[in-house]
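Student: What follows is a structure written as structure tokens; I'll ask about it next.
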Amino acid sequence: MIRRIAKTPAFLFAAFLCVPLLAGPQGADAQVKPEPLAENANWKSHSYVSDGSKVCYMHAKPAKSAGNYKRRGVPNIMVTRRQGSRTTEEVSVTSGYPYPEGKPVKVTIDGRRFNFDLTHGEHAWVSDEQDDATVVKAMIRGRELKVRGVSLKNTYSEDTYSLIGFTKIHDAIVRACP
């Protein structure tokens, strides 16, 4: 589980934001920034180099959100590819609040259900790495993805993402990180 968390783009984004502030002006100039790859109305993709290996990721914000929450952070879904890793692709979701440990996040793609049952803080993944490939294939073929999560306060959210344009942006990260 720690392997996934330490290498997630969300974790790395936090590192990209904090390290330059701690390192001062000289360290900020030396930091590697994610480079844009491709984008459309729904999806954006970027790449960066970490420990000598290229990492490519794509992400989207929901087209529609509902639920009984009062306040939360920014929800998103992300697909990450790492060169030189035994895990080719990894799908992660966040609903903008911490998930309870052991309570799966329900993801549906055109009615097909997937349990993202590996949770840590605000992030959730499928527990079996081979299921990532199944989820990505469903996203390529799909039109709509819904994420239903429950917070530590027992509030819920349901975020709806458009998968229109997913394939084109996915192709961009596959080309950039073969």
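The values are calculated or read from the model by the stated rules, or taken from the named source; none is laboratory data. Predicted, not measured: the structure shown is a model, and the values here were computed from it. We place every Cβ from the backbone using ideal geometry, glycine too, and count neighbours over all the protein chains shown.
Student: Name the residue that is modelled with the lowest pLDDT, counting only residues in the stretch 130-157 that are acidic (Asp, Glu) and surrounded by fewer than 18 Cβ atoms within 10 Å (Cβ to Cβ).
Tutor: Of everything passing the filter in the stretch 130-157, ASP131 is modelled with the lowest pLDDT.
Student: Still on this structure, please answer the following. So LEU37 clears everything in (1) modelled with pLDDT of 95 or more; (2) touching a Phe, Trp or Tyr at 6+ places or on another chain (Cβ under 8 Å) except one condition, right? Which one?
Tutor: If we test LEU37 against (1) modelled with pLDDT of 95 or more; (2) touching a Phe, Trp or Tyr at 6+ places or on another chain (Cβ under 8 Å), just (2) comes out false.
Student: Those residues that are out of contact with any Phe, Trp or Tyr (no Cβ under 7 Å at 6 or more places or on another chain) and closer than 14 Å to LYS146 by Cα, I need them from the stretch 92-107; list them, please.
Tutor: THR94, SER95, LYS106
Student: What are the pairs, 6+ residues apart or on separate chains, where a residue within the stretch 55-79 that is within 22 Å of GLU129 (Cα to Cα) has its Cβ under 9 Å from a residue that is in a loop (DSSP other than H, G, I, E, B) and aliphatic (A, V, I, L, M)?
Tutor: From residues that are within 22 Å of GLU129 (Cα to Cα), the pairs are ALA60/LEU163.
Student: Name the single residue that is surrounded by the most Cβ atoms within 10 Å (Cβ to Cβ) among those in the stretch 57-73 being under 11 Å from the mean Cα position of the chain (by Cα) and assigned to a strand (DSSP E or B).
Tutor: Checked the stretch 57-73; the qualifying residue surrounded by the most Cβ atoms within 10 Å (Cβ to Cβ) is TYR57.
Student: Please work out which residue is farthest from LEU145 (Cα to Cα), limiting yourself to the stretch 43-82 and to residues that are touching a strand residue (DSSP E or B) at 6+ places or on another chain (Cβ under 6 Å) and β-branched (Val, Ile, Thr).
Tutor: Ranking the candidates gives VAL55 first.
Conditions (1) among the small types (Gly, Ala, Ser); (2) over 18 Å from TYR156 (Cβ atoms), marked per residue:
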position	(1), (2)
LYS64	no, no
VAL74	no, no
ARG82	no, yes
SER92	yes, yes
GLU101	no, no
ASN115	no, no
ASP132	no, yes
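Student: Within the stretch 74-103, which residues are more than 16 Å from the chain's Cα centre (by Cα) and either among the polar types (S, T, N, Q) or farther than 23 Å from VAL136 by Cβ (or both)?
Tutor: The answer is GLN83, SER85, PRO100, GLU101, GLY102, LYS103.
Student: Yes or no: THR108 surrounded by fewer than 16 Cβ atoms within 10 Å (Cβ to Cβ) and among the β-branched types (Val, Ile, Thr)?
Tutor: no
Student: Say whether the condition of being more than 15 Å from THR80 (Cα to Cα), hydroxyl-bearing (Ser, Thr, Tyr) and out of contact with any Leu (no Cβ under 7 Å at 6 or more places or on another chain) is met by at least one residue in the stretch 160-178.
Tutor: Yes, the stretch 160-178 contains at least one residue that is more than 15 Å from THR80 (Cα to Cα), hydroxyl-bearing (Ser, Thr, Tyr) and out of contact with any Leu (no Cβ under 7 Å at 6 or more places or on another chain).
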